[in-house]
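Below is one structure; the comments refer to it alone.
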Amino acid sequence: MKFTINKNDLVDVLSKVQGLTNRRSNLVITENVLIKAVTGGIYLSATDLETGFEGFYPAEVDTDGIVALSARKLYEIAREFPNDRILIHEIENRWIEIGNQNVQYHIVGMNADDFPETPQINEIDFYESDAAALKKIIEECVLISGAGDDKRAHINGAFFERLNQDGGHLIRLVSTDGSRLSTSDAPCVTDNESTMAEGILIPKKGLHEVAKFLDAGGSVKIGNNTSYFIVKKDVETIVIRLLEGDFPKYNEITVKSGGHDILMSKKQFIKMLKRMSILSSENYKGAVFNFNKNELIITASNPDIGEAKEDMAIKYEGDDVEMAFNPRFFIDALSAIEEDNIILNITNEEKPCLIEAESDKNYLTVIMPMRL
Amino acid sequence: MILHLDMDAFFASVEQLDNPDLVGKCVVVGGQSNRGVVAAASYEARKYGIHSAMPIFQARERCKDLVIVSSHRRRYSEISQQVMAILGEYSPLVEQISIDEAFVDITGCDQITGSTRDTALAIKKRIKEAVGLTCSVGAAPVKFLAKIASDMDKPDGLYIIRPDEVASFVQHLPVGKISGVGKKTRSALERLGIRLLGDVQKFNEQKIIARLGKFGYRLIELSRGIDKSKVTPHSPTKSISTESTLSANTDDKTFLTTQLLGQAEEVGRQLRRKAMKAKTVTLKLKYSDFKQITRSISLVEPTQVSTVIYGKAGDLLSAETLRKKVRLIGVGVSGLVPGDTPVQCGLFDQVCDTENIWGKVDEALDHIRGKFGKDIVVKASLRRRDESTE
């Protein structure tokens, strides 16, 4: 195997697959990328056994072949390489030379036959979405994640479904950690008029990897079968193995059940929340929100450190309500909203608080209060 | 100056006080069966080498006429409270460190209570008159020496280490006497060639710190007679636990789980009485070969609900492969936060509901027990087979 490839192409893709190859799996070879040289270019694959990636990149190929190389070392070598073109040459069995006249590396590869096979996906109805829109909803979705050791599928995974709404099609990601939940919608284009029979559970880790490949422009194809979720760009494909499990019925909690809408300045509120979360610690995460007539007072107290209090004028005409929340949850939700104004919806101290932007209704967060 | 007061053979002395027949006899407080351990031994029993934490059967072997009495915790804590109240008359800075021990900082009190010796003697006299028991008092400029001093002249003793005596006292103090130096630290120190606290100063500080870590810093300070710890009234509770030695060794997990039920209730009740919640639940097992293990689990949200503590302790037990038969089992909680700390509610699971409902049950039971006694309401499975001993 012998080929010459554009440095930037190689560095770009290798940087994006590090999240997959650096993840611990039961197979050592998943720390490698698989490179297959064919006429006109190379196929590069990486996997963490849950999420698999494959891309095709143009290259001057002298001789065909296939190798498995350490993703991290290849990335570091390519990144620091002095020329725009990099020659990769298998001089002996699994003995790979990378270099030019001045720089020379010899790297030992692993047996390419041991590399896990990429699942073959056939006969799937793909639909199209704007890459930037998909990236946005994934980024909103992965804001909410469970503790590292939480193995529950509905927390490790995001719920994905395709819906018909107001005559248009949309894809929706729902994400929860058990205490809060968000729904993020993006439009999609499909010939298929029926909605998805059932939603699917996609690991958030895999979605996070997908987001790295999504650019500001262009569109992507999305599809799934009962085992995999697939995202396709022009020359790149990501396949994520679905999680098995049920997602809780979330529709009830994302619908406003009366309560009061409070219009607020996002910037002002987020600053207040940041100030009120300075005293929070592992044991004391809560702050008390007092919604009084036209006034919000937040107090935070941490027996180990001290207390904090701040008030802000708001438009609120309802009864006085005292609720406790983790301010961090609000900060996360607000950070994903681009508009200047947001709407909080509160009912009482037992019901969750709903947060959304004033006009863009594609992103909604529901936060459960803490019990005082 | 700081006083350290230690009641003499406290539990055993209370028993002798309440039952004059026991005076002059070898008395130990503990479980009646051979399987329990000695909670306290009278001075008569100590002459036979009997000490607390010794298994009862060993104590019996050492002294044929041993009288074993069951413990009367409530009575002990009643007397303890009287003693602590008396100490409070002499200084506002009283730090109770156990049921029968306390530090009193009498710095600056000499105008009112007289010299250190006069104050100490006055306290001893007051306690003897009020509750009829003797105690030993140690006095020193720093806490760790005061504690050692109270042990120098037991029982009914008084030992004072004056500021000008500190340096020479420290020189000749065996390190094992220092509170915090257990078997392991002591042998680590011995390997370095340190037997006396004075030896520490001959050593390279870095080496001691490298070997002992944080405790190394403290040891170096102590070797110079410096102890920065202050007498702090109401030092906050850091953990709560209870344990019991079983009447027979067993590997029956069902039976062991039943033990946890009563223990979790006890721990839960103490948590609620202190208005605290705990983040960590710990299971303790001692096997028939006296090897002991602890297993802990952290909760997502802190709790004070007995049922939750029981559930977690039960999970820990069922996850454990029992190496041998179990001799002792216990439940503890730690990572305590104030009880009014807000608890995150779940959107789908019923964390808050569990806390709420069982919290109300606990509250009702606590009230009933407060009024009619601890044993008026118990879980049915505990009543069915009451086989454990204290």
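Before moving on, here are some points about what is shown:
- Residues (away from chain B (no Cβ under 12 Å), part of a loop (DSSP other than H, G, I, E, B), among the polar types (S, T, N, Q) and more than 30 Å from A:Arg172 (Cβ to Cβ)) located in the stretch A:248-296: A:Asn294
- Among the residues making up the stretch B:312-356, those that are surrounded by fewer than 21 Cβ atoms within 10 Å (Cβ to Cβ), more than 9 Å from chain A (Cβ to nearest Cβ) and touching a helix residue (DSSP H, G or I) at 6+ places or on another chain (Cβ under 8 Å) are B:Gly314, B:Leu317, B:Ser318, B:Leu322, B:Gly339, B:Thr354.
- Subset tally (residues that are open to solvent by 30 Å² or more (accessible area, probe 1.4 Å) and of a type in the set (A, V, I, L, M, F, W, C)) for the stretch A:308-345: 1
- The set of residues in the stretch A:296-307 that are open to solvent by 30 Å² or more (accessible area, probe 1.4 Å) and touching a Pro at 6+ places or on another chain (Cβ under 9 Å) contains only A:Pro303.
- Those residues of the stretch A:145-167 which are within 11 Å of another protein chain (Cβ to nearest Cβ) and touching a residue at least 60 places away in the same chain (Cβ under 8 Å), in sequence order: A:Arg152, A:His154
- With respect to the conditions (1) touching a Ser or Thr at 6+ places or on another chain (Cβ under 6 Å); (2) open to solvent by 50 Å² or more (accessible area, probe 1.4 Å), B:Leu197 falls short on a single one, namely (2).
- The stretch B:1-25: number of residues that are under 25 Å from B:Leu328 (Cβ atoms) and open to solvent by 10 Å² or more (accessible area, probe 1.4 Å): 2
Listed here are the residues, each with its yes/no results for (1) closer than 28 Å to A:Leu10 by Cα; (2) outside any strand (DSSP E or B); (3) more than 17 Å from the chain's Cα centre (by Cα); (4) at pLDDT below 95.
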residue	(1), (2), (3), (4)
A:Ser129	yes, no, no, yes
A:Ser145	no, yes, no, yes
A:Asp149	no, yes, yes, yes
A:Arg162	no, no, yes, yes
A:Ser175	no, no, no, no
A:Ala186	no, no, no, yes
A:Ser194	no, yes, yes, yes
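- Residue ID - modelled with the lowest pLDDT, chosen from residues in the stretch B:32-80 that are of a type in the set (D, E, K, R) and part of a loop (DSSP other than H, G, I, E, B): B:Arg35
- Cβ-Cβ distances below 7 Å connect the following pairs, each with a first residue in the stretch A:231-253 that is small (Gly, Ala, Ser), a second residue that is open to solvent by 30 Å² or more (accessible area, probe 1.4 Å), and a separation of six or more residues or different chains: A:Gly245/A:His154.
- Whichever residue in the stretch A:360-372 is modelled with pLDDT under 95 and away from chain B (no Cβ under 12 Å) and, among such residues, is least open to solvent (accessible area, probe 1.4 Å): A:Asp360
- Residue check, A:Ser15 more than 21 Å from A:Asp62 (Cβ to Cβ), touching a residue at least 60 places away in the same chain (Cβ under 8 Å) and either among the aromatic types (Phe, Trp, Tyr) or surrounded by fewer than 21 Cβ atoms within 10 Å (Cβ to Cβ) (or both): yes
- Condition check for B:Ile68: within 19 Å of B:Gly132 (Cα to Cα) and buried (at least 18 other Cβ atoms within 10 Å of the Cβ): no
- Test: A:Pro352 is closer than 23 Å to B:Leu299 by Cα, touching a residue at least 40 places away in the same chain (Cβ under 8 Å) and more than 10 Å from every other protein chain (Cβ to nearest Cβ): no
- Checked against (1) closer than 30 Å to A:Pro327 by Cβ; (2) open to solvent by less than 30 Å² (accessible area, probe 1.4 Å); (3) away from every other protein chain (no Cβ under 14 Å), A:Leu170 meets all criteria but (1).
- Residue within the stretch B:268-280 that is away from every other protein chain (no Cβ under 14 Å), outside any helix (DSSP H, G or I) and not aromatic (Phe, Trp, Tyr) present: no
- Among residues of the stretch A:201-227 being open to solvent by 20 Å² or more (accessible area, probe 1.4 Å) and either modelled with pLDDT of 95 or more or within 14 Å of the chain's Cα centre (by Cα) (or both), the one that is farthest from the other protein chains (Cβ to nearest Cβ) is A:Asp215.
- For the stretch A:269-295, taking the residues that are free of Cβ contacts under 8 Å to residues at least 24 places away in the same chain and either more than 26 Å from B:Ala278 (Cβ to Cβ) or crowded, with 18+ Cβ neighbours inside 10 Å (or both), the one that is nearest to the chain's Cα centre (by Cα) is identified as A:Lys271.
- Residues that are hydroxyl-bearing (Ser, Thr, Tyr) and either within 25 Å of the chain's Cα centre (by Cα) or more than 14 Å from chain B (Cβ to nearest Cβ) (or both) within the stretch A:335-349 comprise just one, A:Ser335.
- Residues of the stretch A:229-248 that turn out to be open to solvent by 50 Å² or more (accessible area, probe 1.4 Å) and under 21 Å from A:Ala131 (Cα atoms), as a count: 4
- Helices (runs of 4 or more DSSP H) (entirely within the stretch B:136-223) containing at least 1 residues that are over 27 Å from the mean Cα position of the chain (by Cα) and within 25 Å of B:Leu93 (Cα to Cα): B:166-171
- In the stretch B:345-355 there is at least one residue matching the filter, namely being at pLDDT below 85, within 21 Å of B:Ile240 (Cα to Cα), in the same structural domain as B:Gln263 (by TED's automatic domain parsing) and not aliphatic (A, V, I, L, M).
- Applying the criterion of being among the hydrophobic types (A, V, I, L, M, F, W, C) and out of contact with any Leu (no Cβ under 9 Å at 6 or more places or on another chain) to the residues of the stretch B:210-240, the residue that is surrounded by the fewest Cβ atoms within 10 Å (Cβ to Cβ) is B:Ala210.
The values are calculated or read from the model by the stated rules, or taken from the named source; none is laboratory data. Values in this document were obtained by computation on a predicted structure and should not be read as measured data. FYI the Cβ positions are ideal-geometry reconstructions off the backbone, even for glycines, and counts take in every protein chain you see. Accessible surface areas use protein heavy atoms only, side chains included; no ligands, DNA or RNA. Shrake-Rupley method; radii C 1.70, N 1.55, O 1.52, S 1.80 Å.
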